Amino acid sequence: MSWQIFLPQIGEFCLSLGLAVSVYALFAAVFGDKMNRAKLVLSSERSLYIATVLISIAVFILVFSFLTDNFWIRYVYGYSNRAMPTIYKITALWGGQDGSLLFWLWLTALFGSIAVFTHRDSDRPLLPYVIATFAVILSFFSVLLIYSDNPFKLFPEAPFDGRGLNPLLQNPSMAIHPPALYLGYVGMTVPFAFAMAALITNRLDSRWIQATRLWLLIAWFFLSVGNLLGAQWAYTVLGWGGFWGWDPVENAAIMPWFTASAFLHSVMIQEKRGMLKFWNITLIVISFCLTILGTYLTRSGVVQSVHSFARSSIGYYFLGFLIFTIIFCSYWIWKRRNELRSPTIFESFFSKESAFVLNNIVLVGTAFLILWCTMFPTLSELVIGTRIIVGPPFFNKMIAPGALFLLVLTGIGPVIGWRKASKENMKSSFTWPIIIGLSCTGGAALLHIYHWYVLITIFGATFVLTTLVMEFHKGTVARMITEKEPWWLALTHAVLKNNRKYGGYIVHIGMVFIFMGVAGTAYKQIFEFSLKPEEVAHFNEYTIQFRGLESYDTPNQEEMYAIVDLYRGSEKVGTVKPARFYYKNPDQPSTIVDIFSQFKEDVYFTLGAVEPQTQKTHIQVTLNPVISFLWSGGLILVIGGLIAMLPPMNLRKKPKAKT
């Protein structure tokens, strides 16, 4: 049909016009500021909005093409087919390289437009270079899409059906996980743009931090959600019983989370004491560069990953853009080095400032340790000609000590005093947390828990939880005395009035639970059975009985389920149905796990090979102790992040009118 050819041409034209408008916005913003011509700056602002509209039209055309099975378009053919459910036709937008780059471009344009619009009055002096920064990034991605990875390329003749989306991506988590990560990546662009504007205009007071604090928190929030959903996807889809394999693409997603977390802590020192100006602006640059580096790693073929896109020359473009960004930012940071010096110095090692600096060292150090380990196989191949693989055990061994130290710091930072902590402050803040932490650790040892990582985690977790409970108690009691409120209302009002502070505390509680969930993997157990129908097998306190196989045929895939009854002792506690799906287009199998979840552990079932004649079936069972702590901790962390992003509420009582 003619419209099926005409629409992608419109999409391609919108991208080309968007590139031209973005380039104009760049020069209009810079020259408008240099020549002090407000109308020219205003035209650059409007150009950014126009570019966003044009890119949005291109995105909607590509999504519409997926929904209408427009296989004239090569990208639609490569990542969709007629039988695929509608939800996955939409998510196919970011299922491949071309579409994911268009999605990234679109989100960048949206973030840029919203940021410029919301700060058009409050931060007018910074705005020209905020616009210019976004214009450069939009131009870069537009050039990639138009000249290298065009998602609107057409076939000479349209195939009847497409190849379909990778079965591993046909999962509800993949409808949320990649967009969340992209929102986190793109969200880093806003504080980066304001940081560059502050450097170029030499406006290096705390205003640029105040303007970008919420934006960075939003980026950090979506990175957190994206990584948590990625872990959940790996746990429920890949069938290996784990949630984090230190895959290069996973590492690329977690590294900017570490540096953004460091910034959220260190920025408090600049706001409170006027310190760490140089460090904070460097952290923003590092965080943005890590998002570009992660994109380079996943699209260049430099590292080997089951998640990465196909090897592509586009990686060289990203490498060039990354090098340009590092050189440009380094120049301006060096040029403003005198203005970035802090007027105050640290007064004592025993202070909140020192705790936050140590926190930053561990977080940033962990990010670069992950980067080094991720790149090590490639570097070893370049240097000695042999690719030395760095597996998950090495990552765990290297990162565990710093992670445990960070856990303890999570309890120290919130309660220790500024400048120099007094003996009274140290005693009142840490006596009970240490006593309770040591008591719980001793109790765990009496229960025959001897793994060093688990014992230190138990101490750190109870230490941190005790300090945070004391902080919540202190704030609640203060409001109960001053406002005469019941405890539950005083607690609620304390959190809502100081949402940034208490939201951070709730995030810390979530991290404690995540640490405990991770510590449980030290006692993970795997059992494998080959069973015929009605046969039983025993492991620990459980018994399973294999009832047989069930098969179903759907338009998109053939489904085969193993029906397994699970008993604890003599009591039947449930029936699980691990499965294997055999997708028709593409012709590829996929493992579908089933999990019997409970508070103390997950009983995790994976279906393996089946002998057709005898129906003898291989079933793997994994016991994951306290894994529920990981997911509940993630939920608590998300709730804390949402609370921290809320505007503080004014809860003062209005004075009664005099009569």
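Ranking Ser570, Ser429 by Cβ neighbours within 10 Å, fewest first, what do you get?
Exposure proxy ranking, most exposed first: Ser570, Ser429.
Let's see if you can work this out: charge +1 on each Lys and Arg Cβ, -1 on each Asp and Glu Cβ, no other charges. What is the dipole magnitude of segment 1-170 about its Cα centre, in debye to the nearest 20?
In total the dipole reaches around 260 debye.
Hey, what's the per residue convex hull volume over the C-alpha atoms of the chain, in cubic angstrom?
Convex hull volume per residue, Cα atoms: 223 Å³.
Tell me the mean residue ellipticity at 222 nm calculated for the chain from its helices only (DSSP H runs of n ≥ 4, each -39500 (n - 2.57), averaged over every residue, nearest 500).
Working: 19 runs with 406 residues, N = 659.
Helices in the chain give a 222 nm mean residue ellipticity of -21500 deg cm²/dmol.
Of the listed peptides 10-23, 509-522, what is their order by residue-averaged count of other C-beta atoms within 10 Å, with the highest listed first?
Ranking the peptides 10-23, 509-522 by packing returns 509-522, 10-23.
How would Glu611, Glu601, Glu485 line up from fewest to most surrounding beta-carbon atoms within 10 angstrom?
So the ranking, lowest neighbour count to highest, is Glu611, Glu485, Glu601.
Name the residue from Gly574, Asn556, Phe527 whose Cα lies farthest towards the positive end of the charge dipole of segment 521-585, charges +1 on Cβ of Lys and Arg and -1 on Cβ of Asp and Glu.
Going by the Cα projections, it comes out as Phe527.
Rg(Cα) of segment 471-598 divided by 2.2 N^0.38 Å? If you can, show how the numbers build up before the last one.
On the way: Rg = 24.8 Å, N = 128, 2.2 N^0.38 = 13.9 Å.
With N residues counted in segment 471-598, Rg over 2.2 N^0.38 Å equals 1.78.
Under 14 Å from the Cβ of Pro625, count the other residues' Cβ atoms, weight Lys and Arg +1, Asp and Glu -1, and hand me the total.
Working: positive: Lys524, Lys600; negative: Glu541, Glu601, Asp602.
My count for the surroundings of Pro625 gives -1.
Would you mind estimating how fast segment 523-629 diffuses translationally, via Stokes-Einstein at 25 °C and 0.890 mPa s with the Kirkwood radius over Cα pairs, in µm²/s?
170
So for each of 548-555, 322-329, 288-295, 265-272 I average, over its residues, the number of other beta carbons within 10 Å; can you give me the resulting order with the highest mean first?
Ranked from most to least packed, the peptides come out as 288-295, 265-272, 322-329, 548-555.
Please compute the contact order of the chain in relative form: average sequence separation of alpha-carbon pairs under 8 Å and at least six residues apart, divided by the residue count, as a percent.
Numbers: 1104 pairs, mean separation 67.7, N = 659.
Across the chain, relative contact order equals 10 percent.
Arrange Trp106, Trp244 by Cβ neighbour counts within 10 Å, fewest through most, would you?
Going from sparsest to densest Cβ surroundings: Trp244, Trp106.
When a/c is below 1.5 the answer is rounded, else prolate if a/b is larger than b/c, else oblate, so apply that to segment 320-401 with a ≥ b ≥ c taken from the square roots of the Cα gyration tensor eigenvalues.
Verdict is oblate for segment 320-401.
With only alpha-carbon pairs counted, each pair once and no self-pairs, how large is the Kirkwood hydrodynamic radius of segment 362-476 in angstroms?
When all Cα pairs of segment 362-476 are included, the Kirkwood radius is 16.7 Å.
Within 10 Å, Cβ to Cβ, of Pro533, how many net charges do the neighbouring residues add up to if Lys/Arg are +1 and Asp/Glu are -1? Let's see the in-between values first.
Numbers: positive: Lys532, Arg547, Lys616; negative: Glu534, Glu535.
Net charge in that neighbourhood comes out at +1.
May I ask which residue of Val464, Met516, Gly184 lies farthest towards the positive end of the charge dipole of the chain, with charges of +1 (Lys, Arg) and -1 (Asp, Glu) on Cβ and the Cα centre as origin?
Val464
Under the definition of Cα pairs under 8 Å and six or more residues apart, what whole-number percent is the relative contact order of segment 1-170? Write out the running numbers ahead of the final one.
Numbers: 250 pairs, mean separation 59.4, N = 170.
Contact order relative to length: 35 percent.
What are the extents of the Cα atoms of segment 27-179 along their three principal axes, listed from largest to smallest and rounded to whole Å?
57, 35, 20
For the ranges 530-539, 175-184, what's the packing order if you count other beta-carbon atoms within 10 Å of each residue, average per peptide, and put the highest first?
Top of the packing list down: 175-184, 530-539.
Read-outs: derived from the displayed coordinates by stated rules, not from any lab. In this text, all values refer to a predicted model and were calculated from it rather than measured experimentally. With ideal geometry, Cβ positions are generated from the backbone for all residues, glycine too; neighbour counts draw on all protein chains shown.
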